[in-house]
Amino acid sequence: MKKPMIYIMIAVILIIGITLFMKSANKGKTKTAEQNSTEKQTEQNPYTDMRNMAFSATSEQLGLSGIDKNDVYGIVSEMDMNGATATVVTFSTGDTSLYLSTGGGFIGAGQHESVQRVVKKYVENGQKYVEKATKIEKAELPESGMTNFNFLTKNGIYSISKSLSELESGKSEFSNLFVELNEVISQIRMKSE
């Protein structure tokens, strides 16, 4: 009677061992599949590259001449959208695009005259705010609940980061800039539909 009990215990131990081994093998496969999926998503989402191109655009590349080193020739506005980021790129040439960190967006909306007018006004009005901004070496994504206004000049990038709720309330000295940004976004959406 003792021998069958030993065989049963050995069988139970073997079953548990095999089960644990199979689970750990499947975990490795799942992690590899998840990594491959993430890598493919990263490869397919051009957001980071597009964002980097926007920040590295020079006034010369845009065909702008006769601007002073402290003149704002572009604004890259970025809003936190519950963990994702919406990046609105605007240049004094009237060129504009909207990139979403989740993928997608609207590129080349500035080819429409009505969009160009709004964009040019927005960038021109950005000159009023650049004095209140801080010069930065690298533009960071906005923190949770924040909006960043990044002013491009020949002298470098200047940035202001404000709470979205403060901007929406109208109590911030930058609320008008935020209203103009929303007008740019509205124009981009209307012309891209």
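For segment 157-193 versus segment 85-134, the inter-centroid distance based on Cα atoms is 10 Å. Computed from the Cα positions only, the extents of segment 41-140 along the three principal axes stand at 42, 32, 24 Å, in decreasing order.
Using only side-chain charges placed at the Cβ, +1 for Lys and Arg and -1 for Asp and Glu, the dipole size of segment 73-132 relative to its Cα centre rounds to 180 debye. For segment 46-105, carbon and sulfur atoms together expose 49% of the accessible surface, with a 1.4 angstrom probe and every protein chain in place.
So which of LYS121/LYS162; LYS138/LYS171; LYS132/LYS171; LYS120/LYS162 end up more than 18 Å apart by C-alpha? LYS121/LYS162; LYS138/LYS171; LYS120/LYS162, as the Cα separations exceed 18 Å there. Per residue, segment 119-183 exposes 55 Å² of accessible surface when a 1.4 Å probe is rolled over the protein heavy atoms with every protein chain present.
The values are calculated or read from the model by the stated rules, or taken from the named source; none is laboratory data. Everything numeric here is computed off the predicted structure, so don't read it as measured data. When we count neighbours, we look across all protein chains shown, and the Cβ atoms used for this are built from the backbone with ideal geometry, even at glycine. Areas reflect the complete protein model, heavy atoms only, side chains present, ligands, DNA and RNA absent. Shrake-Rupley method; radii C 1.70, N 1.55, O 1.52, S 1.80 Å.
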